[in-house]
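Have a look at the structure below, then the notes.
The values are calculated or read from the model by the stated rules, or taken from the named source; none is laboratory data. Please read these numbers as outputs of a predicted model, since none were measured by experiment. We place every Cβ from the backbone using ideal geometry, glycine too, and count neighbours over all the protein chains shown.
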């Protein structure tokens, strides 16, 4: 069967001012799979993630070269509105960052602004998103409470639910469990496993066990370069590149 | 070793003394005005117009006039200030334009109040033919407090965590909606505190309204924004310097000063309390 | 999602909002320019009557005599005199109180003192002028047996009260900005708290403190109501600090009401406004320059 790649990057270079943070990154992300990006800190994995939904646009003095294609369309083409890209490619951040609003309004905020006005549709969307994020049972009676009163793990699942409410095609996760305790982390990992039926997930993690547990594909980055991209099983058992093996086995200097 | 500590004691003594002097200066002024002014404060004083060539009666027109001018000033300065601050913090953090704007705001902040008065006279009263009026006075005061409002709003906007902006933008919400629905509401308490401090400042200013709005005496309350008004600070100045019965009207003067102080410091106090409450309740 | 609006129109809207906001933000610059324009428009016609030198350095200010004389040198000296003596009082008090708040005061007292200074800054100048008239004036007159208590001394004291909050709060920020490591290094070398403050903290904060002093001076020189009410009003060059003076701001405020519209007197008052404007602008630009330099070089200027 032909593989269906939803996001592809072609020879991407990225610069912060004069500093080259990524060089010549070409990678294809398969639809409805989980792809993990690993590597030591500062290797460019988070930078690539933030390029995929144009979040790096927010930083002054940056420059992108090469192409990033979402279903064949270059998202950096001049006529593309980054807002539209971000509606299709959602993002979950390292630190849970709910808005200082009620749980309910955290979910409805973006869908309402994108033009959904029907209140029944909104209600349904809230329940559906929270159920998908396995948070519904915990919060269904306190929807009007401030999201700030939730625990860290609950806040992170709320942030996932909030992203799901926009019905994106792709969800980017930037070390989503690094600020959480082990139980919350396990819940997030379970969640990722169920979400991949409907969504393409690209996750940056510093935790190699996590990458091995949850992903189908893994990309290893070092010094701004994609060193190896392969099936996760292959990367963690028999990587093609020596550097990858050194990193995975902890022999990395 | 002993002489080292002796110097330290001497220095600390001087430092504590300076703090004490400043505190006593404030308390002394306030206590003196309160002691002499409170007897003048009666219901009639607050609700009647001056009578007998301003040697008797109340100060109601001046209170009303000050309220009009102050509200007018904030109506001018708040929207303009918030929009400017949004531009400076959200749209153009760096670059030539924002640098020019910042220099302009700083320069505007340094202009002496009497020069604002001259400008108001030359521009609003004469050139735009508003005459000496509430409109001219409120616009002049509004420009005077604009830098204060911009500064406060900028600080409040900068205090909003960057993660809020990122979270909203990552959901595919436009920049404008992110600013309007997430950033601005989060910054609102800080902006309001700044606005209140601006109101206090505007209420107490005299020089900018002397040639642009303030009337020596009006028997009736203003009917339109093109009317002149009495104002508390100017009324104090007039009673204390220009009357023929300066000694006789002292009680009225103390009373008016007390009302102005209560108004201005009351407003400042509200802002100070609000600010410390928001700081304590901040959820991020 | 079906209801997504067309992206291009959205994009244009964003740009339109940005430009609109930019325009309003630029209004501050325009207003500043407009102030300049109108000061000059109403002030420059004076120089058809007299030369700039006669205006600035003429020692006779008789604007309503026939023929009138428009020499503002006594007014300039008056402004400088009250500002100078006000600073003699306000600079030590302002800086020392800032040191107290930033380095010495225990938590509770610190908060109270900060509020005191904030409230002092909020006192309307007309109130201070009034206080100077009814309390300080008579007291000075009696104590020193003077013909009038409304003089340089009185104005200096009241102006100092106006300038202290400016000097204190900006100095305090500068003191806070001194990195902790400096202090710790000094203590670790066995220096006392006093020595640390005098030799390490204050020198490190010096440019910020200079900014504070300059802005305090600018505040004092531009202040109107206090000097109008308590400086005495004599447009003559003073010989002692118990002489009455007529600073520029006081002259403008007192006489504008009576100057016939677009008469020589009216233009002379606007021209005085220009001088005042230039002086305060210079002060502010110097302060701006110092604080910008400070920001660039950071703590390395010790």
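Things to note:
- For residue B:267, the conditions (1) within 10 Å of chain C (Cβ to nearest Cβ); (2) within 30 Å of residue B:81 (Cβ to Cβ); (3) in a loop (DSSP other than H, G, I, E, B) all hold with the exception of (3).
- The residues of the range B:1-48 that are away from every other protein chain (no Cβ under 12 Å) and either out of contact with any helix residue (DSSP H, G or I) (no Cβ under 8 Å at 6 or more places or on another chain) or modelled with pLDDT of 95 or more (or both), listed by number, are B:42, B:43, B:44.
- Note on the range C:241-257: residues that are in contact (Cβ under 8 Å) with a residue 40 or more places away in the chain and surrounded by fewer than 22 Cβ atoms within 10 Å (Cβ to Cβ) total 4.
- Selection count, the range B:54-70, where residues are over 14 Å from residue B:253 (Cα atoms) and free of Cβ contacts under 8 Å to residues at least 24 places away in the same chain: 1
- Selection of helices (runs of 4 or more DSSP H) fully inside the range B:108-212 by the criterion of at least 1 residues being more than 14 Å from chain C (Cβ to nearest Cβ) returns B:134-158, B:162-170, B:184-204.
- Matching residues in the range B:213-245 - criterion: being part of a loop (DSSP other than H, G, I, E, B) and modelled with pLDDT of 85 or more: B:213, B:225, B:226, B:227, B:228, B:230, B:231
- Strands (runs of 3 or more DSSP E) fully within the range A:1-71 that include at least 2 residues being within 29 Å of residue B:90 (Cβ to Cβ) and at pLDDT below 95: A:5-16, A:19-30, A:62-70.
- None of B:82, B:71 is within 22 Å of the chain's Cα centre (by Cα) and surrounded by fewer than 22 Cβ atoms within 10 Å (Cβ to Cβ) except B:71.
- Among the conditions (1) touching a strand residue (DSSP E or B) at 6+ places or on another chain (Cβ under 7 Å); (2) within 26 Å of residue A:167 (Cα to Cα); (3) away from chain B (no Cβ under 14 Å); (4) touching a residue at least 24 places away in the same chain (Cβ under 8 Å), residue A:39 misses just one, which is (2).
- Looking only at the range B:56-107, residues that are part of a helix (DSSP H, G or I) and either farther than 29 Å from residue B:246 by Cα or within 7 Å of another protein chain (Cβ to nearest Cβ) (or both) come to 33 in all.
- Qualifying residues in the range B:31-55 (those that are buried (at least 17 other Cβ atoms within 10 Å of the Cβ) and part of a helix (DSSP H, G or I)) - the one nearest to the chain's Cα centre (by Cα): B:33
- Within the range C:127-155, considering residues that are outside any helix (DSSP H, G or I) and away from every other protein chain (no Cβ under 11 Å), the one surrounded by the most Cβ atoms within 10 Å (Cβ to Cβ): C:151
- Each residue in the range C:214-232 was checked for being in a helix (DSSP H, G or I) and under 17 Å from residue C:281 (Cβ atoms), and 9 of them qualify.
- Annotation note: of C:260, C:203, C:238, the sole residue that is in contact with a helix residue (DSSP H, G or I) (Cβ under 7 Å, 6 or more places away or on another chain) and surrounded by fewer than 17 Cβ atoms within 10 Å (Cβ to Cβ) is C:260.
- Note on the range A:94-116: residues that are touching a residue at least 60 places away in the same chain (Cβ under 8 Å), at the interface with chain B (Cβ under 9 Å from one of its Cβ atoms) and either surrounded by fewer than 21 Cβ atoms within 10 Å (Cβ to Cβ) or in a helix (DSSP H, G or I) (or both) amount to 1.
- You will find that of C:108, C:71, the residue that is at pLDDT below 95, surrounded by fewer than 16 Cβ atoms within 10 Å (Cβ to Cβ) and either in the same structural domain as residue C:267 (by TED's automatic domain parsing) or more than 30 Å from residue C:194 (Cβ to Cβ) (or both) is C:108 and no other.
- Here the condition is being within 14 Å of chain A (Cβ to nearest Cβ) and not in a loop (DSSP other than H, G, I, E, B); of C:15, C:89, C:112, C:35, it holds for C:15 alone.
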